[in-house]
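Taken together, the values in this text are just the output of simple stated rules run on the coordinates, not laboratory data. All values reported here derive from a predicted model rather than from experimental measurement. Virtual Cβ from ideal backbone geometry, glycine too; neighbours counted across all protein chains shown.
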Amino acid sequence: MSATDRSWEPSARELERRAVRRQRTRRDVTVATVALLLVLGLLGVGITSSPGWDSVRESFFNWGEAKASFPEVIRGFGKNIVIFLVAEPCILVLGVAVAVVRSTVSPVMLPFRVLAVVYADVFRGIPTILLVYLAGFGVPALRLTGVTTNTMWLGTGALVLSYGAYVSEVFRAGIESIHPSQLASADTLGLSRWQSMRYVVLPQATRRVAPPLLNDFISLQKDTALLSVIAVFEAMFSAQDYNNYHFNYTSLVVAAVLFICLTIPLTRFTDWLGRRALRRQFAGAR
Amino acid sequence: MTALLEATDVRKTYGDKVVLADVDLSLEAHDVVCLIGSSGSGKSTLLRCLNLLEDVDDGVILFEGDEISDPRVDRRGVRSRMGMVFQAYNLFPHMTVLDNCTLAPRRVHGIPKDEAEQRARDLLGQFGLADQADKHPDRMSGGQQQRAALVRALCTQPTLLLLDEITAALDPELVGDVLRIVRELAEQGTTMILATHEMAFARDVATTVCFLDQGRILEHGPPATIFSNPREERTRQFLARVLPAS
């Protein structure tokens, strides 16, 4: 701004304050590090000194078995990824559609609203593992022509129906959180109900529900393992298969590690997205 | 008489942007200081620095004789003796007005429930809100909400009250209600610092008026001097724009 600003030098008091702040930061970092090492150390000692540790290490954390089972488990894990990638877009479409139908007001839409409510209630009520069973074993038993009997795709359909119900509720919460004044101002511009939903409400709602939505998808990544109950050769089933032949559980730990490697990046991404949304919404406000 | 609050050479920057520079401010008990100046001149930032919502980048702030700009200071202790009211009221929407007003007295100051509620009801009554005590803030008008926010700040019996453009979000009809109460508080001897755009009010009530421009207190003095005979050209320009032509 003015010349005096450029010539500004911190006063002795300010320098002293900065020294105090630095000193406090150093102290905080030291305390945090010591606390972390202490807790982790105690946990490690607690687990490894338990009486059964040696046999657990042999049957769950065996490096040789891990290497041997890895090719089989990772081949199965490829299926988990495919299931996830196919299911996710279907769930999004289904969830948005059901949520939008539920927020319509026109009398003609009543039957669809009823269907949407029944769908959401029923499919959120049934445990996902039961849905997977019913789809995987029940649908082929119907002997319908033209319907696949591939349990992998039937199981994926069950996941879509189950998660679609959850995601529709997430979207509905987002739609209902948009302030009525937004609808009023869309109305005054002459937008139709559908147009205000499409251009005004949904974009804002989606932004708002992104974190819980991604949370559901992290959950979906793990639940692809449920398809092991209908003998789909995905990571979990492959790991069990290995265990059946070699009597060692390390293959299951390998599958667990693979799932963690898949979910952690999405988890971090969700956190980052949530923080960014907060920063934008509350920029400069405190 | 010693100063209740004394700020010396206060400086605040956001990155490269200097928001406050070389700000000196001193006030004694029962003073009413009005900060005037255009938007972005640093009025709100100054209040937030005094209340420790923002850390200053240089300078010293003394409150009741203690340096509160020291990083080691007990911030909650300082704030428990300072009240602040915001432009957007910032009442807690999930609580009734009475709960809003008794939260800090009960949880921070450890005052028993009955006593805290009695004091809150007395103050609400004084401010014409006796029948609003059990309502939630969203059910009240803006003027009522702002008066409730004032009561909430007063319930902890602060020695200094900071008011940040408290009438800026109200329509003209409601501004009067709130200003009348601030005027009463001033007459009762409450020490206050206000950032305000209400020039007529500042002229009537203030003991000192400070004109801020680009983060500096360009000029300060009794309202009569500032409004009738400002020293700086910049102050004259500002007043010419905001005061109705007479």
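Does at least one position in segment B:195-210 carry a residue that is within 30 Å of B:Asp9 (Cβ to Cβ), assigned to a strand (DSSP E or B), within 16 Å of the chain's Cα centre (by Cα) and β-branched (Val, Ile, Thr)? Among the residues of segment B:195-210, at least one is within 30 Å of B:Asp9 (Cβ to Cβ), assigned to a strand (DSSP E or B), within 16 Å of the chain's Cα centre (by Cα) and β-branched (Val, Ile, Thr), which makes the answer yes.
For B:Leu174, are the conditions met, namely being surrounded by 14 or more Cβ atoms within 10 Å (Cβ to Cβ) and in a strand (DSSP E or B)? When the stated conditions are applied, B:Leu174 does not pass them. Would you check if there is a residue in segment B:102-116 being away from chain A (no Cβ under 14 Å), surrounded by 18 or more Cβ atoms within 10 Å (Cβ to Cβ) and in contact with a Leu (Cβ under 8 Å, 6 or more places away or on another chain)? Within segment B:102-116, not a single residue is away from chain A (no Cβ under 14 Å), surrounded by 18 or more Cβ atoms within 10 Å (Cβ to Cβ) and in contact with a Leu (Cβ under 8 Å, 6 or more places away or on another chain). For segment A:229-240, the criterion of being exposed (fewer than 14 other Cβ atoms within 10 Å of the Cβ), without any contact (Cβ under 8 Å) to a residue 24 or more places away in the chain and on the phi < 0 side of the Ramachandran plot is met by no residue. Scanning segment B:177-197 for residues being farther than 20 Å from B:Leu160 by Cβ and either of a type in the set (Lys, Arg) or buried (at least 21 other Cβ atoms within 10 Å of the Cβ) (or both) gives a total of 1. Filtering segment A:3-44 to residues that are surrounded by fewer than 10 Cβ atoms within 10 Å (Cβ to Cβ) and not polar (S, T, N, Q) leaves A:Ala3, A:Arg6, A:Glu9, A:Ala12. Counting only residues that are over 14 Å from the mean Cα position of the chain (by Cα) and closer than 15 Å to B:Ile36 by Cβ, segment B:177-194 holds 0 of them. Whenever a residue of segment A:195-212 is hydroxyl-bearing (Ser, Thr, Tyr), its partners that are surrounded by 15 or more Cβ atoms within 10 Å (Cβ to Cβ) and assigned to a helix (DSSP H, G or I), lying with C-beta atoms within less than 9 angstrom and at least six residues away or across chains, give the pairs A:Ser196/A:Leu183; A:Ser196/A:Ala186; A:Tyr199/A:Ala186; A:Thr206/A:Val96; A:Thr206/A:Phe171; A:Thr206/A:Gly174; A:Thr206/A:Leu213.
What tally of residues in segment A:127-172 results from selecting those that are part of a helix (DSSP H, G or I) and closer than 13 Å to A:Ile230 by Cβ? Reasoning before the result, please.
Applying the first criterion (part of a helix (DSSP H, G or I)) to segment A:127-172 yields A:128-141, A:151-172.
Next cut, closer than 13 Å to A:Ile230 by Cβ only: A:128-141, A:151-159.
Summing the residues that are part of a helix (DSSP H, G or I) and closer than 13 Å to A:Ile230 by Cβ in segment A:127-172 gives 23.
Checking the structure you have, find out if any residue of segment A:84-98 is more than 30 Å from A:Met109 (Cβ to Cβ) and more than 14 Å from chain B (Cβ to nearest Cβ). Steps first, answer last, please.
In the first step, residues of segment A:84-98 are kept if they are more than 30 Å from A:Met109 (Cβ to Cβ); the result is A:84-85.
From what's left, more than 14 Å from chain B (Cβ to nearest Cβ): A:84-85.
For segment A:84-98, residues more than 30 Å from A:Met109 (Cβ to Cβ) and more than 14 Å from chain B (Cβ to nearest Cβ): present.
You will find that of B:Thr235, B:Thr225, the residue that is in contact with a helix residue (DSSP H, G or I) (Cβ under 8 Å, 6 or more places away or on another chain), under 30 Å from B:Asp9 (Cβ atoms), of a type in the set (Val, Ile, Thr) and not in a loop (DSSP other than H, G, I, E, B) is B:Thr235 and no other.
Do any helices (runs of 4 or more DSSP H) entirely within segment B:38-125 hold 2 or more residues that are more than 29 Å from B:Gly142 (Cβ to Cβ) and of a type in the set (Phe, Trp, Tyr), and if so, which?
Numbers: elements: B:43-50, B:75-79, B:97-107.
Fully inside segment B:38-125 and qualifying: nothing.
Evaluating A:Thr148 against the criteria (1) surrounded by 12 or more Cβ atoms within 10 Å (Cβ to Cβ); (2) free of Cβ contacts under 8 Å to residues at least 12 places away in the same chain; (3) within 23 Å of A:Leu213 (Cβ to Cβ) leaves one unmet condition, (3).
Check B:Ser80, B:Ser39 and return the single one that is more than 14 Å from chain A (Cβ to nearest Cβ), surrounded by fewer than 20 Cβ atoms within 10 Å (Cβ to Cβ) and closer than 18 Å to B:Asp164 by Cα. Walk me through how you get there before you give the answer.
Numbers: B:Ser39 fails: more than 14 Å from chain A (Cβ to nearest Cβ).
Sole residue among the options that is more than 14 Å from chain A (Cβ to nearest Cβ), surrounded by fewer than 20 Cβ atoms within 10 Å (Cβ to Cβ) and closer than 18 Å to B:Asp164 by Cα: B:Ser80.
Within segment A:15-43, no residue that is away from chain B (no Cβ under 14 Å) sits with its Cβ atom under 6 Å from a residue that is polar (S, T, N, Q) and surrounded by 10 or more Cβ atoms within 10 Å (Cβ to Cβ) at 6+ positions apart or across chains.
Is one or more of the residues making up segment B:170-193 within 14 Å of chain A (Cβ to nearest Cβ) and in contact (Cβ under 8 Å) with a residue 12 or more places away in the chain? Write out each step before concluding.
Just the residues of segment B:170-193 that are within 14 Å of chain A (Cβ to nearest Cβ), to begin with: none.
Within segment B:170-193 (the criterion being within 14 Å of chain A (Cβ to nearest Cβ) and in contact (Cβ under 8 Å) with a residue 12 or more places away in the chain), the answer is no, since none of the residues qualifies.
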